[in-house]
């Protein structure tokens with residue numbers, strides 16, 4: 001008696017499943033605004049401008065990008081001090097007294113001990129944080145700091161959040177994010193507002209927390225306001 005061997009399925013499941021998942025995520029992303037209008041409920045936003053997903057925990061590799069940051073929304077200035085050394089973050093007109101200290105080539109330390117260095121693509125981490133100092137209406141979601149784009153005001157807010165995290169305040173919640181340290185710190189006051197398309201839908205709701213993404217303990221990857 002001949003017994004034929006069972007035939008294997010011709011469906012490439014290992015390829016179909018990832019593709020299906022991607023289609024589901026993309027479909028939800030574009031259907032979210034319509035679903036929110038129908039239900040009247042604000043749904044979770046995928047990739048809510050979580051910049052940490054774009055920066056793996058790795059040493060910064062400086063590219064040949066310009067120090068001026070001409071292709072970025074904000075640039076880092078390196079004015080000459082009276083002693084001949086370069087400094088960044090001189091006291092602002094707001095009188096906050098916030099000042100960064102240069103501790104190496106393109107490496108600056110905040111009063112609270114955060115380090116700002118060059119990132120991938122030749123963009124300085126200060127530049128990257130300052131992308132959240134003004135609204136970007138074309139993004140699905142974009143947390144915007146208060147302070148009218150004043151660099152020292154924004155970085156002082158980030159320092160305030162880091163001080164709470166270092167003190168192990170119950171307001172600071174920790175999680176590991178792809179090998180980086182992620183802190184969500186409730187500031188107890190308005191530190192920003194919803195921008196982007198999400199902000200247009202909800203009228204720019206206030207944001208009272210700050211998300212910090214750090215590598216090696218205190219090296220800034222990014223920081224931005226969240227709910």
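The values are calculated or read from the model by the stated rules, or taken from the named source; none is laboratory data. Since the structure is predicted, the reported quantities are computational estimates derived from the model, not experimental observations. Cβ coordinates were reconstructed from backbone atoms using ideal geometry, including for glycine residues, and neighbour counts include every protein chain displayed.
Filtered by the rule that a residue be on the phi < 0 side of the Ramachandran plot, at pLDDT 95 or above and in a loop (DSSP other than H, G, I, E, B), segment 101-116 gives 110, 111, 112, 114. Considering segment 122-217, the qualifying strands (runs of 3 or more DSSP E), each wholly inside and each with 2 or more residues that are surrounded by fewer than 17 Cβ atoms within 10 Å (Cβ to Cβ), run over 172-177. None of 182, 215, 133, 172 is under 20 Å from residue 98 (Cβ atoms) and touching a strand residue (DSSP E or B) at 6+ places or on another chain (Cβ under 6 Å) except 133. Just to be sure, is residue 147 modelled with pLDDT under 95 and either within 18 Å of residue 226 (Cβ to Cβ) or under 16 Å from the mean Cα position of the chain (by Cα) (or both)? Criteria met by residue 147.
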